[in-house]
Each structure stands twice: as C-alpha cells, then as structure tokens.
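First comes the structure, then the notes that go with it.
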Amino acid sequence: IDTAGCRAYDRNFIVGGENMVKGFVFYRGGKIPFVIEDYRMELFSDDSLLSDFAKEHNFKMNYTLNGQYFRDGFEGQRATFLVEYSMAGTCYLTCYILYNLGPERIYDTVGFQSPFLDDAFRYNYEYLDMVRAGHNLETKPRNIYDIPFSMNGRQYELTYRIGHDNHLGLLEDTNRKGEALVGTKTEDIQELNDLSVVFNRLAMFMVSQADVSFKRITLYKNEHKIGWFYSPLVSDKAVSVSDFRFCRFDVMKYLPKILNNIALDSGNRISQSIPLGHLQDADSLFSPRRFMEQVMAFEYLFDKLEPQKAKDRKFPLKDELRYMLDEFPKLLSGYRSSSGQIGEQIKELRRSIAHGHAYYYDFKTDIETQRLIFLLDKLIRNMSLRWIGFSKEEIAEYPLY
C-alpha cells in the first residue's frame with residue numbers, strides 16, 4: 001500500500017465521500033489490504049487470505065470488520081467497519097470508525113454536528129442571547145438543553161452544546177456551531193449507526209425535508225476527540241437555511257416528545273414512530289412518487305390514530321381523509337372545496353396512478369395537484385404530532401410550513 005498517498009483527513013481530520021481511505025483488514029491473524037471510496041471497500045491481495053475471506057463472507061450481510069488505516073505515511077491507526085453486505089472481495093459499508101489514538105482509548109460519547117439540528121435547537125438565537133448576556137463562548141462551551149430519550153431498550157440523554165472547546169486552542173474546530181452529544185452504552189458500531197439514523201430523522205422532521213445530513217460526527221473519551229464516525233449521512237457540504245422557522249419555537253415543549261417517538265424505531269422498518277418517507281428532497285417536491293408516499297404515510301398514521309375505522313372496509317380512503325381534515329379544520333382555510341370533496345380528489349388521483357389509468361411525467365404544471373400535495377404535507381404533520389401525543393392546542397401552536 002502506498003501509505004504516503006493516503007489523504008484521509010484535513011485540518012480537523014475529516015474524511016469525505018470524495019477521498020479515498022487505505023489500510024488493512026485483520027483476518028485470521030493476517031492483514032488484507034483495502035481501499036475505500038464512496039463506502040465501497042475493495043480488498044486486494046495475492047495470497048490465499050483474500051480467497052478464504054471471499055469464500056467465508058460472500059453474500060454475508062450486516063457484520064463487523066476491524067483493521068487499520070494510514071494517513072500521511074504515519075503508523076496505522078485503528079478502524080472499525082460495519083459491512084452491509086459483501087460479494088467476493090468487495091464490501092459495501094454501512095458506516096465505519098476511524099480512530100486517531102491508540103487501542104487503549106475507547107469512546108464514551110458521540111457528538112453530532114448538523115446545521116439542520118442547529119436550526120431546530122435555535123442555535124443562532126441562543127448564541128446571540130448568551131453573547132448579549134456577557135458569556136464568552138470562544139473559550140468554554142455551554143450546555144443549552146438536556147433531553148432524555150430511550151432507544152432499543154436503553155436510556156440515553158441528549159445534551160445540546162454551543163461554544164468552542166479550547167483543549168487544543170481556538171483553531172481546534174473553526175467550523176463548529178452547535179453539537180448534540182450523547183453518552184454511548186456499548187462499544188458496538190451498530191449503536192453509533194442507530195443513533196445517527198435517529199438524529200438524522202429528527203432533523204428531517206424538524207425542517208420538513210428529506211435531504212438533510214451531518215457535517216461531522218465525532219467520538220470523544222473524557223471530552224477529548226479520539227475518532228470520527230462516517231456514513232452516507234455525513235457530508236461536509238451540509239447547509240441549512242431554516243432557522244427563521246424556529247425564532248419563537250419552544251424547544252423543550254416539543255422536541256423531547258418528538259425525539260422519543262422517532263427513537264422508537266431505528267431500523268429501516270417502522271411500526272411505532274412517525275413516517276418520514278413522504279418528505280421532499282431537492283427533486284421530488286411535485287412528483288407522482290412523493291404523492292403516493294404521502295398517501296401511504298397518511299394511511300399508516302390513520303391506522304395508528306383510528307385503528308377501528310382503518311379496519312372497517314366500509315370506511316374507504318376518501319372517508320378517512322374527510323374524517324381527518326374535519327379534525328383539523330384550519331387546514332382548509334383558503335380552500336373552496338369541502339373536506340369530502342378534497343378526499344374524493346385525492347382518492348381519484350391515487351386510483352388513476354396506482355391502477356394505470358393515467359401516467360404522469362410531471363406534476364409541476366398542475367396547480368390543483370400541487371395544492372393537494374401541500375395540504376397533505378400539513379395534514380400528515382398534524383397527524384404525526386397527534387400520534388406523538390400532542391394536544392390540538394399544542395398542534396395549533398406548532399410552526400407549520
């Protein structure tokens with residue numbers, strides 16, 4: 001391996017999707033060289049180790065590998081990889097950890113930096129208030145919120161912190177804003193992945209969009225940085241401009257319940273938490289696919305909120321829509337159609353798409369369909385808040401956009 005060519009970090013030791021990570025995987029007392037690019041690990045070797053590895057792990061799913069990586073020609077540093085699945089000598093990674101200290105240092109805390117979480121936790125507003133009060137946030141960070149939550153049968157506590165830590169001087173982390181810190185319970189990389197999924201979904205719900213990411217995920221031991229966690233949810237290009245929505249947002253009134261609901265499900269399948277698959281990304285604001293996702297999210301929530309009606313075959317989709325729109329009548333202000341008429345419109349549009357009666361390339365030219373999509377977003381948000389446990393009064397005060 002050309003260890004001198006391994007560029008796995010910048011000033012703050014960040015690895016992005018465009019960089020290549022190089023090193024060795026430990027296997028049966030030996031080492032197999034690898035390179036990683038875009039979370040695809042390619043193993044290569046002339047000896048029998050690679051052949052044995054390929055035979056043992058071919059089509060194997062969800063397992064962990066340990067190894068070393070190299071940076072700037074220095075001695076190899078520890079690394080842990082969670083493999084989603086592998087074929088022959090290629091491993092497709094869910095996530096991985098790169099350490100910068102020796103094997104005796106095990107992390108006890110993970111920190112999530114995300115501009116989307118900063119918006120939800122009102123970073124800009126909290127920062128200005130504290131500066132005006134005379135606090136120097138350039139030398140000592142301060143904890144703003146503490147929120148307990150449960151995930152996978154374990155109790156955790158989220159601490160949202162702003163300000164800079166001066167252990168290594170003011171230039172330790174010049175891009176840092178807020179950070180959501182959580183004490184870990186195990187040394188299992190799957191736990192870190194589950195936490196990252198939960199906080200990513202929290203950010204999605206709070207800013208009402210699907211394409212959110214973390215700027216950085218840091219591992220700490222006794223408040224010192226000892227490594228970094230990487231997954232496709234991490235991007236150094238993460239930018240959000242939604243802070244204006246949360247100017248008067250009551251964080252402690254809403255976020256604890258929302259976080260605890262989202263943390264009920266950390267895998268791909270949800271059965272207890274709110275749905276998020278219908279949220280828009282940069283390309284799907286008006287699309288048949290997102291409309292169908294909205295209908296699916298509505299039906300999932302209706303089953304949670306009204307299980308008896310959902311089971312009644314005499315209570316079809318249009319009646320479910322009418323019933324829930326009548327529960328939140330303010331959503332129809334500005335609409336000339338009644339809740340029953342809107343329910344019929346949505347039902348017919350769903351039927352025409354699902355049964356092949358109409359094929360849509362684009363919804364962008366249909367104003368009426370766009371209005372239905374916007375209305376469904378608001379309705380699903382209200383139903384989600386109801387399922388989380390908020391009252392009608394609390395839902396009415398929630399900032400809907």
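Throughout, read-outs are computed from the coordinates displayed, never taken from laboratory work. Predicted, not measured: the structure shown is a model, and the values here were computed from it. All Cβ positions, even for glycine, are placed from backbone atoms using ideal geometry, and neighbour counts span all protein chains on display.
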Revision key, fill the gap. Residue ranges of DSSP H helices in the chain that stretch 20 Å or more (Cα, own long axis) and have mean Kyte-Doolittle hydropathy of at least -1.0 are 189-207, 288-305, 339-354, 367-388
Point to revise | Check: the chain dipole with +1 on Lys, Arg Cβ and -1 on Asp, Glu Cβ, in debye | key: 920
Review point. Taking only DSSP H segments of four or more residues, each worth -39500 (n - 2.57), what value at 222 nm results for the chain once the sum is divided by all its residues, to the nearest 500 deg cm²/dmol?
Key: -10500 deg cm²/dmol
**Study point:** Exposed-loop-free span, longest in the chain, where trypsin sites (Lys or Arg not before Pro) count as exposed if DSSP calls them loop and at most 11 other C-beta atoms lie within 10 Å
**Key:** 29-236
Check your understanding: With contacts defined as alpha carbon pairs under 8 Å and 6 or more residues apart, what's the relative contact order of the chain in percent?
Key -> 13
Study note, to complete from the structure: If one builds a Gaussian network model of the chain from Cα atoms under 10 Å apart, the most fluctuating residue listed among PRO148, PRO115, PRO307 is PRO307
Study note, to complete from the structure: Candidates ASN200, ASN260, ASN58; GNM for the chain (alpha-carbon contacts under 10 Å) flags as most fluctuating ASN58
Review point. Taking the stretch 37-83, which GluC sites (Glu not before Pro) meet the DSSP loop condition and have no more than 11 other C-beta atoms within 10 Å?
Key: GLU75
Revision key, fill the gap. In the neighbourhood of VAL182 defined by beta carbon distances under 13 Å, the net charge of the other residues (Lys, Arg +1; Asp, Glu -1) is -3
**Study point:** Distance in nm between pseudo-label sites at LYS378 and LEU264 (7 Å out along the Cβ direction from Cα)
**Key:** 2.6
Study note, to complete from the structure: In the list (i) 0.99; (ii) 0.95; (iii) 1.02, the entry giving Rg/Rh (Cα atoms, Kirkwood Rh) computed from the coordinates is (iii)
Check your understanding: Setting aside same-chain residues fewer than 8 positions from LYS364, which aspartates and glutamates have a Cα under 19 Å from its Cα?
Key -> ASP281, ASP283, GLU293, GLU348, ASP377
Point to revise | Net charge of Cβ neighbours under 11 Å - reference ASP303; Lys, Arg +1; Asp, Glu -1 | key: 0
Check your understanding: MET292: net charge of surrounding residues, Cβ under 12 Å, Lys/Arg +1, Asp/Glu -1, itself excluded?
Key -> +2
